[in-house]
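Engineer: Sharing a structure here in structure tokens format.
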Amino acid sequence: MRIALKFAYDGRKFHGYARQPKLKTIEGEIIKSLIKHGFIEDTKESCIRSASRTDKGVSALSNVIAFNTDSSKERIFQEMKEDLTDVLVYGIKDVEPDFFPRYAKQRTYRYYLKNENLEIDRVLSAAASFAGEYNFSNFARTEEFKDPVRIIDNIIITNQDDFFIMDFYAQTFLWNQVRRIVLAIQKVGIGKIEKEQIIEALHNPNKKVDFGLAPAEPLILRYIVYDFEFEYDKKLLNSLKDFEKNIVSSF
């Protein structure tokens, strides 16, 4: 049987998502708990896979991990909810044997950008430049053998209190893509660069430009969508708004 868990975490409490020797990571804590309760014996045999390997400091309200197990779904859900203190496990689903959580229908990342001398019209105009299909080599940490072409479905920006809340919608994102886009938009918003420089960098990916990398902490993976629904602990699901508020309160 293959099981998928949906969970949230405050990324500032960990050294990133992926397992690292002698460091506290999200994936490491989940795997440690799964092994401790006998739900899996090792990561290779259980074919553990994650939806998104967020960077150090990045939080999530909706990440997913899947694994093979002989244990009951009910016992796994109960034990994982109780055992993990810094990871909020709130959803579970028995999935197909070949389910790979990275292949989601859509992801949403949210960035809380401090409104410090930003001109809203310049911010909105710059953000609109990124919607669509582009080679994002100038706006990501590219990896060998990984296609840098991605489609951003939409970027929605709302002004709330001291922040521009920036929601990015796409099926997949490249490493550091959102954070590099955010800093480019911020630089347009304060008049440090012009929108035309962004357009030039998008249309000429082989001409290297580095607009910099925004901090990790204001970034949250908010949603991952599949063609099925998870089974939720409704009380924990309803607590996600407060979970997000607690993260944002320190920005």
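Engineer: In contact with an Asp or Glu (Cβ under 7 Å, 6 or more places away or on another chain), not assigned by TED's automatic domain parsing to the domain that holds Y9 and not small (G, A, S) - does that describe any residue in segment 197-207?
Structural biologist: Looking for residues that are in contact with an Asp or Glu (Cβ under 7 Å, 6 or more places away or on another chain), not assigned by TED's automatic domain parsing to the domain that holds Y9 and not small (G, A, S), one finds none in segment 197-207, hence no.
Engineer: Need the failing condition index for L174 against (1) under 20 Å from the mean Cα position of the chain (by Cα); (2) in a helix (DSSP H, G or I); (3) among the hydrophobic types (A, V, I, L, M, F, W, C), just the number.
Structural biologist: In the conditions (1) under 20 Å from the mean Cα position of the chain (by Cα); (2) in a helix (DSSP H, G or I); (3) among the hydrophobic types (A, V, I, L, M, F, W, C), L174 misses (2) alone.
Engineer: For segment 21-58, how many residues meet the condition of being crowded, with 17+ Cβ neighbours inside 10 Å, assigned to a loop (DSSP other than H, G, I, E, B) and free of Cβ contacts under 8 Å to residues at least 24 places away in the same chain?
Structural biologist: Qualifying residue count, segment 21-58: 2.
Engineer: Determine whether A127 is crowded, with 20+ Cβ neighbours inside 10 Å, outside the structural domain of E194 (by TED's automatic domain parsing) and either more than 22 Å from the chain's Cα centre (by Cα) or not in a loop (DSSP other than H, G, I, E, B) (or both).
Structural biologist: No, not satisfied.
Engineer: Which ones in segment 77-100 are over 22 Å from the mean Cα position of the chain (by Cα) and among the charged types (D, E, K, R)?
Structural biologist: Hits for segment 77-100 are E79, E82, D83, D94, E96, D98.
Engineer: Then there's this: For residues in segment 130-145 being assigned to a loop (DSSP other than H, G, I, E, B) and in contact (Cβ under 8 Å) with a residue 12 or more places away in the chain, which is farthest from Q197 (Cα to Cα)?
Structural biologist: E143
Engineer: May I pose another question? For segment 199-251: of the residues being of a type in the set (S, T, Y) and within 16 Å of K13 (Cα to Cα), which is surrounded by the most Cβ atoms within 10 Å (Cβ to Cβ)?
Structural biologist: S250
Engineer: I'm trying to understand the selection: among the residues of segment 145-172, which are crowded, with 20+ Cβ neighbours inside 10 Å and aromatic (F, W, Y)?
Structural biologist: Within segment 145-172, F164, F168 meet the criteria.
Engineer: With respect to L240, determine if the residue is in contact (Cβ under 8 Å) with a residue 40 or more places away in the chain and closer than 24 Å to V95 by Cα.
Structural biologist: yes
Engineer: If we scan segment 100-109, do we find a residue that is surrounded by fewer than 16 Cβ atoms within 10 Å (Cβ to Cβ), assigned to a loop (DSSP other than H, G, I, E, B) and aliphatic (A, V, I, L, M)?
Structural biologist: no
Engineer: Scanning for something among the hydrophobic types (A, V, I, L, M, F, W, C), over 28 Å from E45 (Cα atoms) and modelled with pLDDT under 95, does segment 120-134 turn up at least one residue?
Structural biologist: Yes, the conditions are met somewhere in segment 120-134.
The values are calculated or read from the model by the stated rules, or taken from the named source; none is laboratory data. Here the structure is a predicted model, which means the values were calculated and not measured. Ideal geometry is used to build each Cβ from the backbone, glycine not excepted, and the neighbour counts take in all protein chains shown.
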